[in-house]
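Have a look at the structure below before the remarks.
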Amino acid sequence: MDNSQITTPLSKDQAYALVDAVSEHEDLTLAASAYEDKNGNWMFEATCEGKPDIEAFNTIVAKALNGKVAFSIEKIDPDIDWIAKSLEGLPPVSAGGFFVHAGHNISELPVGLIPVHIEAAQAFGTGHHQTTAGCLEAIFGILKSKRPKKILDVGTGTGVLAIALAKRLKTKIVASDIDPIAVKTTKDNARLNKVKKWIKPVLATGLNSKKIRKRGRYNLIVANILAGPLADLAPDISAASKKGADIVLSGILNTQAANVIAAYEKNGIVLNRRIILKEWTTLVMEKL
C-alpha cells in the first residue's frame, strides 16, 4: 500500500496546535510535524498509510482550530527515502558537550566536543531536532555528578543518544526500538562511531523484552518518543528503574508536559528539571 502526505499552510501556533491534536489519534498518521518552509511560511504536514482520512482530519481541525483548512494530498514515491532526502545537507549541531554531524561535516569537528557521526537514515534522531538536543543537554547535566552503570535507551531511533552515552561512559547501553529499521540503523551507527561493543540494540515494544529485563533495574533510562506512548510507559519505566534512577523523557510538546509529569508522579517518579527548546520539552525526572 502506497503512503501519502497531506499538507496545509497555517500560522506557527496553528500548525503546532494541529500536530498536538492529531498526535492524540495514533491510528490516523504515521507521523505529523510543523515546520517553516524556505519562504518563511509555516506548514502542517502528516504522513498517512494509504489514503488519508480527510473527514477525520477535518473533524480534528474544526475542534482544534475552530475552522476549516484546505489540505493538499500527494502520493509518496516508495522508491525514494524521504527521511534521508529531507536530512541531506543539515548543519552539524552542538548540544550537551556533543557535536552531532554527518559525513559532509567531518572536516568541521571542533576541539573539546565529543563527535557523534549520524547519517540520514530511515529512523528518527539526528540531533537536529530539539527533542534529541534536549536529551543531550539532560545527559550532560546528569553526567556532571554521576556515572550510571546500567542504561536503557527506549525508542533509540538512529541510536544517537545511546552512542553519545557510550562515548562518554564506555559502558554497556541497551538501545531498544519497536522498528527493525531503527535497530539495524543503530547497529550501523554504533559501528560507524566505533562503540559497537558498548551498544546492545534490541527489537522491543516498549520495555517488553527478555533482553531488557535481563539487565535488571536501570540507573538511567532515556526515552525520546511521543507524549502519549511515554505516559503509557510510566508503570513499566518505573518498574525497570532503581531507586534514585534518572529518567530523561522527550518528544513532548510544551502543552503536553503536564500530562506526562502527572503520569510519572503516579508511578513514583518526580520532576527534577525541565529543558525547553522552542516548542519542545525534555523532562529530567528521578525515581523515588
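The values are calculated or read from the model by the stated rules, or taken from the named source; none is laboratory data. This structure is a prediction, so every number in the text was calculated from the model and none was measured. Because the Cβ atoms are built from the backbone with ideal geometry, glycine has one as well, and the counts that use them run over all protein chains shown.
Among residues of segment 1-16 being in a helix (DSSP H, G or I) and free of Cβ contacts under 8 Å to residues at least 60 places away in the same chain, the one that is nearest to Gly67 (Cα to Cα) is Gln14.
Across segment 21-46, the qualifying residues are those that are touching a Pro at 6+ places or on another chain (Cβ under 9 Å) and within 15 Å of Glu74 (Cα to Cα), and the one among them that is surrounded by the most Cβ atoms within 10 Å (Cβ to Cβ) is Phe44.
A search for C-beta distances below 8 Å between a residue of segment 267-281 that is of a type in the set (Gly, Ala, Ser) and any residue that is at pLDDT 95 or above, counting only pairs 6+ apart in sequence or on different chains, returns Gly268/Ser238; Gly268/Lys287; Gly268/Leu288. Residues in segment 223-278 that are closer than 19 Å to Gly134 by Cα and among the small types (Gly, Ala, Ser): Ala223, Ala227, Gly228, Ala231, Ala245, Ser250, Gly251, Ala257, Ala258. Every condition in (1) among the basic types (Lys, Arg); (2) in contact with a strand residue (DSSP E or B) (Cβ under 6 Å, 6 or more places away or on another chain); (3) outside any strand (DSSP E or B) is met by Lys197 except one, and the failing one is (2).
Restricting segment 173-182 to residues that are surrounded by 16 or more Cβ atoms within 10 Å (Cβ to Cβ) and more than 14 Å from the chain's Cα centre (by Cα) leaves a set whose member that is nearest to Gly141 (Cα to Cα) is Ile173.
Is it true that some residue in segment 230-249 is under 28 Å from Ile118 (Cα atoms), surrounded by fewer than 21 Cβ atoms within 10 Å (Cβ to Cβ) and in contact with a Lys or Arg (Cβ under 9 Å, 6 or more places away or on another chain)? Scanning segment 230-249, I find no residue that is under 28 Å from Ile118 (Cα atoms), surrounded by fewer than 21 Cβ atoms within 10 Å (Cβ to Cβ) and in contact with a Lys or Arg (Cβ under 9 Å, 6 or more places away or on another chain), so the answer is no.
Asn254 satisfies every condition listed in (1) over 24 Å from Asp13 (Cβ atoms); (2) among the polar types (S, T, N, Q); (3) in contact with a Lys or Arg (Cβ under 9 Å, 6 or more places away or on another chain) except (1).
Counting the residues of segment 22-68 that are assigned to a helix (DSSP H, G or I) and either of a type in the set (A, V, I, L, M) or not assigned by TED's automatic domain parsing to the domain that holds Lys12 (or both) gives 8.
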